[in-house]
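Let me begin by presenting the structure, written as structure tokens, before commenting on it.
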Amino acid sequence: MSGFPWLSLILWMPLLAGLALIARGRETGPSRTSTAWWLSLASSLLTLILCMKAPMESGPSLWKESIEWIPSLGVAYELGMDGMGCIMLALTALIMPVSIAASQRAGYNHEGFAGCLLMIQGTLVGVFTAQNFFAWFFFYEIALVPAYFLIRLWGGPGKEKVSLRFFLYSMLGSIALLVGYLGIASAVGSYHFTALAEASATQALPEAIGQRLAWFDLPVKWLITLLFALTFGGLAVKVGMVPVHGWLPDTYEKAPTPVTMVLTGLMSKMGLVGMVKMVIPLLPYVYAALAAMGQTSFKRLLAYSSINHLGYCLIALLVLGQASMGEPSMQTAKTFALGGLLLQMFSHGLIAAGLFYLTHLGESRLQKTLRVDGPGGLRAIMPRFAGWMGLAVFASIGLPGLSGFIGEFLIFRGVFALSPWVAIGSLPALLITAIFLLRFLQHVFHGKSDPESEQFSDLSGSEMALMAPLFILIVLLGW
């Protein structure tokens, strides 16, 4: 390890601070601001500052750390920051302070709540910067624990059942992932992601799998298919891909809003990052949009919409895997698809976190669930709320000039060149997404007004200031 261990500082500072807060576990009174909350917010903001420091130094590619961990197994504590890691660290550093501040404003005054959020932040840094499978899987699994307790202890009605489903889906996915990648690592002879990529690029991977896993007595193509199914299936659970998405709608609806912001804005990206590192080297979709149209609870609608938007990322991933065995002339299309994938991951995190927080602000004033089929007319009563929600919805639809457009455009631009029928078959999802989100805006903001709603106040200055960093980026990236 050379130089100052900046990545370890960014990783372990929130993780250890979170453990300290959980150990205290005190309830703070509503009449005063907890010192612990300020400490947790300061810890999260310091991470943001350090992440901004990375590209200002000698370049993110030089932020590397490596320490022997389990020498007998060839396992090292190895961190590094590449382009994708830099993007995901920036997204983490932006969303976590907003979710921590939002949790305080929402009345979650238990130090354990803040501690669990900080633990998730630390583990996310580990997942986004780990350079080998053991370090990656270590932090990937630890993130499950604080997320489970946040849902179990502070979730809405039915939280016990929802948290258990979340835990079981995640664990089964992790087992499949572990078995699949251990098979790949044993064939390649290394747990390092670079070794897998090099074996794939040099066409040595099929031969290595055939030689070192020959005792399975299966053809090489079946072995590769099995390893792909286990690895991809395990990661697909975290993304919430159909058909292993059963945990996602209830979890996003019942979890506290700050937790949902983290789940959809950040933790769903853990699976996508894993796919880029592990699934693409193994390779030389519109149900979610339709399901969203049948939802009346806006939180559940957003949950299905999240599946739909991350589906675009999966399309890019799978087509990139197919094209990895193609000709060099396809490099431009691959660059478009990969760039769109990374931008869609970042943009979806910003938009989804903003949408869920705005939904929470509306429901906390109305004292009821924000429903597509409920009373509307909120634009005349809460114009600022309507404006911010409209901006977020149009970004989610992919309106040109907002960040949601850029990632989707690049994905479809690259995918069309690589696999035209896949792109054409996925286009109806864009129209369906626009239909159900515009239907929400029509009913809630321009529908028949509810007399009981006229007494509620619009968004405050502090609430708008809290969301401003996310929405400024949504507009800037769009332009």
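The values are calculated or read from the model by the stated rules, or taken from the named source; none is laboratory data. Values in this document were obtained by computation on a predicted structure and should not be read as measured data. Positions of Cβ are generated from backbone atoms using ideal geometry, with glycine treated the same way; all protein chains shown enter the neighbour counts. When the accessible area is computed, the model is the full protein with side chains, heavy atoms only, and any ligands, DNA or RNA have been set aside. Shrake-Rupley method; radii C 1.70, N 1.55, O 1.52, S 1.80 Å.
Below is a table of values for the structure above.
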| quantity | calculated |
| --- | --- |
| Near pairs, Cβ below 9 angstrom, 6+ apart or cross-chain, from the range 130-143 (closer than 16 Å to Val179 by Cα) to any residue that is among the basic types (Lys, Arg) and open to solvent by less than 30 Å² (accessible area, probe 1.4 Å) | Phe133/Lys277; Trp136/Lys277; Tyr140/Lys238 |
| Selection count, the range 226-250, where residues are under 14 Å from the mean Cα position of the chain (by Cα) and assigned to a helix (DSSP H, G or I) | 6 |
| Any chance Met96 is open to solvent by less than 50 Å² (accessible area, probe 1.4 Å), at pLDDT below 85, within 30 Å of Ser403 (Cα to Cα) and of a type in the set (A, V, I, L, M, F, W, C) | no |
| Qualifying position, being in a helix (DSSP H, G or I) and either modelled with pLDDT of 85 or more or under 20 Å from Phe471 (Cα atoms) (or both), among Phe416, Phe405 | Phe405 |
| Members of the range 130-150 found to be closer than 14 Å to Met267 by Cα and open to solvent by less than 30 Å² (accessible area, probe 1.4 Å), listed by number | Trp136, Phe139, Tyr140, Ala143, Leu144, Pro146, Ala147, Leu150 |
| Residues that are within 19 Å of Thr359 (Cβ to Cβ) and among the charged types (D, E, K, R), drawn from the range 93-111 | Arg105 |
| Residues being within 21 Å of Leu466 (Cα to Cα) and at pLDDT 85 or above - total across the range 321-351 | 5 |
| Tally, over the range 84-123, of residues that are of a type in the set (Ser, Thr, Tyr) and assigned to a loop (DSSP other than H, G, I, E, B) | 1 |
| Some residue of the range 459-475 being outside any helix (DSSP H, G or I) and at pLDDT 75 or above | yes |
| Residue match in the range 153-167 (condition: among the small types (Gly, Ala, Ser), assigned to a helix (DSSP H, G or I) and loosely packed, with under 15 Cβ neighbours inside 10 Å) | no |
| Within the range 1-46, considering residues that are exposed (fewer than 15 other Cβ atoms within 10 Å of the Cβ) and in contact with a His (Cβ under 9 Å, 6 or more places away or on another chain), the one modelled with the highest pLDDT | Gly25 |
| Unique match (being of a type in the set (Phe, Trp, Tyr) and closer than 13 Å to Leu11 by Cα) among Phe133, Phe139, Phe113 | Phe139 |
| Qualifying residues in the range 197-217 (those that are surrounded by fewer than 15 Cβ atoms within 10 Å (Cβ to Cβ) and in a loop (DSSP other than H, G, I, E, B)) - the one modelled with the highest pLDDT | Ala204 |
| Candidate set from the range 411-426 (those that are of a type outside the set (Ser, Thr, Tyr) and open to solvent by less than 50 Å² (accessible area, probe 1.4 Å)); member that is farthest from Gly339 (Cα to Cα) | Gly425 |
| Pairs where the first residue, in the range 70-87, is of a type in the set (Phe, Trp, Tyr) and the second is surrounded by 15 or more Cβ atoms within 10 Å (Cβ to Cβ) and part of a helix (DSSP H, G or I), C-beta under 6 Å, 6+ apart | Tyr77/Ala135 |
| Selected residue [part of a helix (DSSP H, G or I), surrounded by fewer than 21 Cβ atoms within 10 Å (Cβ to Cβ), among the small types (Gly, Ala, Ser) and modelled with pLDDT under 80] from Ala429, Ala380 | Ala380 |
